[in-house]
1. Report the calculated FRET efficiency for Y93 and N142 (r = Cβ-Cβ distance, R0 = 35 Å), to the nearest 0.05.
2. Name the shape class, rounded, prolate or oblate, that the alpha-carbon gyration tensor gives for the stretch 15-162, where a ≥ b ≥ c are the square roots of its eigenvalues, rounded holds for a/c under 1.5, and otherwise prolate holds if a/b is larger than b/c and oblate otherwise.
3. Got a number for the accessible area of F279? Probe 1.4 Å, square angstrom, nearest 10.
4. Here is the link list: K10/K37; K120/K182; K91/K274; K182/K202; K91/K169. Which ones come out longer than 29 Å on Cα distance?
5. Sort the following peptides by mean Cβ neighbour count (other Cβ atoms within 10 Å, averaged over residues), highest first: 46-55, 25-34, 252-261.
6. Classify the stretch 59-146 as rounded, prolate or oblate from the Cα gyration tensor: take a ≥ b ≥ c as the square roots of its eigenvalues, call it rounded if a/c is under 1.5, otherwise prolate when a/b beats b/c and oblate if not.
7. Label points 7 Å out from Cα along the Cβ direction at Y41 and D251: separation in nm?
8. In terms of modelled amide H atoms, which long-range or inter-chain residues lie less than 5 Å from the amide H of F257?
Amino acid sequence: IVKRAFKRSKAEETLNDAALSFTRGLLMGVFRNDPDKPLDYERKAALKDWLDLLSVSLPPEMGLHELIDTLRYNVDNVSQSVKNLEMIVSKHYIPNPQWSDSCTRTTNGKNFGFFCGFWKLLHIMSVGFAEQAGGLSLRESNPSIRVFSPSDAADVVRDYMTYFFNCDKCTSRFISQYDSCKFDRCNRLTDKIEDAPADSWKEFPLWLWAVHNDISRSKANRASEAYEKLGRKGQARKWENDMKAVYPHIDQCISCFAADGTWDEDSVYNHLEKEYWIFGHDVNEKVDEFLEYREKPHYGVGTYLCLAIGGLITTWLVRKRKLRISGRHKKEDVLSDRFSQGKYRDS
């Protein structure tokens, strides 16, 4: 086995973590209600909706579209048994079967790899949804493609959490917040598609970002309370004041914070886009100028030296060819031999 000789980039880790959580989520959750029975109508519809949403929103670099399309086209067969699902998923190759270090923190013996990767999946999917306008941008190349409104997309996530997410406590919290329109969901997520304002597509990833931050802050508060009960006030205050519980924190994106300390959501979206769609590959002006410079022909001393040597060789070859044709080289060789013989004889 040849091991990789270099470290994965952050983008590779993010995509791999998300892909792992997608496949593990299917295997752990789709038949969790009863692994020995086919999916009922509601669960089958929820699975198809989830796959359709990911189909129009995940980037091709993630390498999941072949698997997603296979599952979509065989959803009737897949919904019959967990073995049918496992058979298709097992044929799909994921570069690294382990979550990255950023996702494998362990607390009290619990590994958060799946949950971390699943949030990465949600962020990639939601930003991709905004970038592709729910699939509307793909209609020119595929007129029959299914298109989702921001409100539709949120409903799909709700159904996935309801039927397939393998954490009852997490699901209850999410559904409660969803149904109570927390984070202004009912107003900010439109059900329009063709007539939807351009910025309305961004509201879906921003809403999911707000949900994620609320969960992170809640976990930090629970940790603070637990340390307080143990009498470890220093640790309690540390968790209570931990700004890293919110994302992005100030040293990741200073422009994401307005002067009054509130979020600048335009900057937040730009940060999400950089982290989960273009993966930090924005063009640096100096690098761009350098690449343009390299594309133009520039000749230095080395180039001219090579050309000069090449010219001399070409001249010598041409001259040699002429001598061979004229036969003059033979006369010169005879004279040379005679001169050489006389020279040595006289000596």
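The values are calculated or read from the model by the stated rules, or taken from the named source; none is laboratory data. From a predicted model like this one, the values you see are computed outputs, not experimental measurements. Note that each Cβ is placed from the backbone with ideal geometry, even for glycine, and that neighbours are counted across all protein chains shown. Just the protein is used for accessible areas: all its heavy atoms, side chains included, with ligands, DNA and RNA removed. Shrake-Rupley method; radii C 1.70, N 1.55, O 1.52, S 1.80 Å.
1. Values: r = 25 Å, r/R0 = 0.72.
Calculated transfer efficiency: 0.90.
2. Since a/c reaches 1.5 but b/c is at least a/b, the shape of the stretch 15-162 is classed as oblate.
3. It works out to around 30 Å².
4. Among K10/K37; K120/K182; K91/K274; K182/K202; K91/K169, the Cα-Cα distance tops 29 Å for K10/K37; K91/K274; K91/K169.
5. Working: 46-55: 21.2, 25-34: 17.1, 252-261: 11.7.
Taking the mean over residues of other Cβ atoms within 10 Å, the ranking is 46-55, 25-34, 252-261.
6. In terms of gyration-tensor shape, oblate.
7. 5.6 nm
8. D264
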